[in-house]
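Chemist: Structure incoming, see below.
The values are calculated or read from the model by the stated rules, or taken from the named source; none is laboratory data. Remember, predicted model here, so these are calculated numbers, not experimental data. With ideal geometry, Cβ positions are generated from the backbone for all residues, glycine too; neighbour counts draw on all protein chains shown. Note: accessible area is taken over every heavy atom of the protein model, side chains too, but ligands, DNA and RNA are not part of it. Shrake-Rupley method; radii C 1.70, N 1.55, O 1.52, S 1.80 Å.
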Amino acid sequence: MDYKTLAVKAVEAKKNAHAPYSKFHVGAALLTETGKIYTGVNVETSSYGLTMCAERTAAFKAISEGERKFTALALASDDPDFCPPCGACRQVLWDLCGDIDIIFVNHQLELMIKKLSELIPLAFGDERLKKLTNK
Ligand code: THU
């Protein structure tokens, strides 16, 4: 799967974003090791703090379908420039997807690619929990 195709999926997914409060639409497309794509959008509610970001929607959809191995996530938004994933999503993607490629997509359909580990240096992870609990 080439990353341009994944980027287009993120842009298309953005159309389904439910963002009546912020009016900031975000779309994500998460690629599994076997080549399947799970899309996600941001979903806002009147209780603003319950909002779910596009990246986490995509990750939770994939995990709940039984997927465990991922290679990349593309992210598109209403920002004409490259839009970075928020801190909460960086942590969740790190825990659920590992050190995947994050594909930033701007409105010219240009791509910027970073490893997730570049975006979340010194990340907290489950190895610390395992160290203490021997699980
Ligand atoms: N948003 C995302 O979907 N992903 C991010 O990484 C940053 C923020 C959404 C949440 C909210 O619906 C809107 O963008 C404005 O913050």
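One line per residue, one yes/no per condition, for (1) open to solvent by less than 30 Å² (accessible area, probe 1.4 Å); (2) of a type in the set (Asp, Glu); (3) over 12 Å from the mean Cα position of the chain (by Cα):
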{"residue": "86", "(1), (2), (3)": "no, no, no"}
{"residue": "104", "(1), (2), (3)": "yes, no, no"}
{"residue": "107", "(1), (2), (3)": "no, no, yes"}
{"residue": "114", "(1), (2), (3)": "no, no, yes"}
{"residue": "117", "(1), (2), (3)": "no, no, yes"}
{"residue": "121", "(1), (2), (3)": "no, no, yes"}
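Chemist: I'd like the full set of residues that are more than 17 Å from residue 52 (Cβ to Cβ) and of a type in the set (Ser, Thr, Tyr), limited to region 77-130.
Modeler: 117 - this is the single residue of region 77-130 that is more than 17 Å from residue 52 (Cβ to Cβ) and of a type in the set (Ser, Thr, Tyr).
Chemist: Here's a follow-up. What is the number of the single condition among (1) part of a strand (DSSP E or B); (2) near the ligand (Cβ under 10 Å from one of its atoms) that residue 102 does not meet?
Modeler: (2)
Chemist: Of all residues being open to solvent by 80 Å² or more (accessible area, probe 1.4 Å) and either under 23 Å from residue 47 (Cβ atoms) or away from the ligand (no atom under 16 Å from the Cβ) (or both) in region 1-23, which is modelled with the lowest pLDDT? Just the residue, please.
Modeler: Across region 1-23, the extreme among qualifying residues is 1.
Yes/no per residue for (1) in contact with a helix residue (DSSP H, G or I) (Cβ under 8 Å, 6 or more places away or on another chain); (2) within 22 Å of residue 106 (Cα to Cα); (3) not polar (S, T, N, Q):
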{"site": "5", "(1), (2), (3)": "no, yes, no"}
{"site": "13", "(1), (2), (3)": "yes, yes, yes"}
{"site": "30", "(1), (2), (3)": "yes, yes, yes"}
{"site": "43", "(1), (2), (3)": "yes, yes, yes"}
{"site": "82", "(1), (2), (3)": "no, yes, yes"}
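Chemist: What number of residues in region 1-58 are touching a Phe, Trp or Tyr at 6+ places or on another chain (Cβ under 8 Å) and assigned to a helix (DSSP H, G or I)?
Modeler: Qualifying residue count for the region: 2.
Chemist: Would you pick out the residues in region 59-82 that are outside any helix (DSSP H, G or I), small (Gly, Ala, Ser) and surrounded by 24 or more Cβ atoms within 10 Å (Cβ to Cβ)?
Modeler: 74, 76, 77
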